[in-house]
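*Asks:* The structure under discussion is supplied below as structure tokens; questions concerning it will follow.
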Amino acid sequence: MKKSTIINNGLEQDINISSINSNDISATQIKSRRKPPLKYAGFNALELMLVLAVIAVGIGVAIRTMTGNSNSQNTNQMVSDVTALVGNIKSSYTSSTAGYTTLTTDTAIQGALIPTDLKTNGTTVQNQFQSGTVALASENNGEAFSITYTAVPSAICNKAIASLASSSFVTISVGGTAIYDAINAPTIDAATVAGACNNATNTIAFVAS
């Protein structure tokens with residue numbers, strides 16, 4: 001007995017031929033055999049939960065890393081801008097016989113004393129924080145001046161003060177509370193600064209002479 005395999009519409013067919021000729025096709029017995037479908041590998045519930053957990057951890061690490069980098073960049077920018085403002089103001093008023101009495105945010109804008117990375121809108125200077133501003137004013141009858149930053153995040157408040165306290169400031173206050181005094185309390189206390197900067201957003205006033 002002869003046996004042959006043919007493909008018909010995607011099926012393998014075994015053909016057993018007992019007798020076959022062109023005139024008697026009824027003698028041909030055809031037995032079709034369908035191949036079983038392939039089994040595809042997949043995740044079960046536990047494996048899926050593990051994969052999702054790994055993804056969640058990865059996202060959390062990425063967010064913390066990005067936040068840390070952003071805080072560091074914003075702190076560096078704030079320190080740089082405050083330092084530049086102090087230098088620009090002192091340089092501009094060095095020959096003034098009236099001290100800093102005429103200093104305002106508006107006069108600083110008109111005198112091009114604002115660092116270029118800080119945006120100005122009319123008489124307002126915007127800092128890099130959401131809804132944050134920078135205000136400049138004369139203090140102590142023109143003998144000193146203040147630079148006030150608003151909407152400063154807690155983490156950046158701590159770092160900026162730690163970086164700037166050793167500069168030429170007379171006082172630094174957070175929310176109206178002095179946390180640095182060059183004469184009476186020249187040493188920064190970390191716990192005091194952390195407590196003062198505990199709010200989600202903070203107002204920091206730097207006074208220089």
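Every number in this text was worked out from the coordinates using simple rules, so none of it is lab data. The shown structure was predicted, so the numbers you read here are calculated from the model rather than taken from an experiment. Note that we place each Cβ from the backbone using ideal geometry, even for glycine, and neighbour counts take in every protein chain shown.
*Asks:* So who's got an amide H within less than 5 Å of the one on residue 179, skipping anything under 5 residues away but keeping other chains? H placed 1.01 Å off N, in plane.
*Replies:* 172, 173, 174
*Asks:* Work out the charge dipole of the range 78-208 with +1 on the Cβ of Lys and Arg and -1 on the Cβ of Asp and Glu about the Cα centre, then indicate which of 197, 130, 148 is farthest towards its positive end.
*Replies:* 130
*Asks:* Could you tell me which of rounded, prolate or oblate describes the range 78-208, using a ≥ b ≥ c as the square roots of the eigenvalues of the alpha-carbon gyration tensor, with rounded for a/c under 1.5 and, failing that, prolate when a/b is larger than b/c and oblate otherwise?
*Replies:* Values: a/c = 2.09, a/b = 1.28, b/c = 1.63.
Here the range 78-208 falls in the oblate category.
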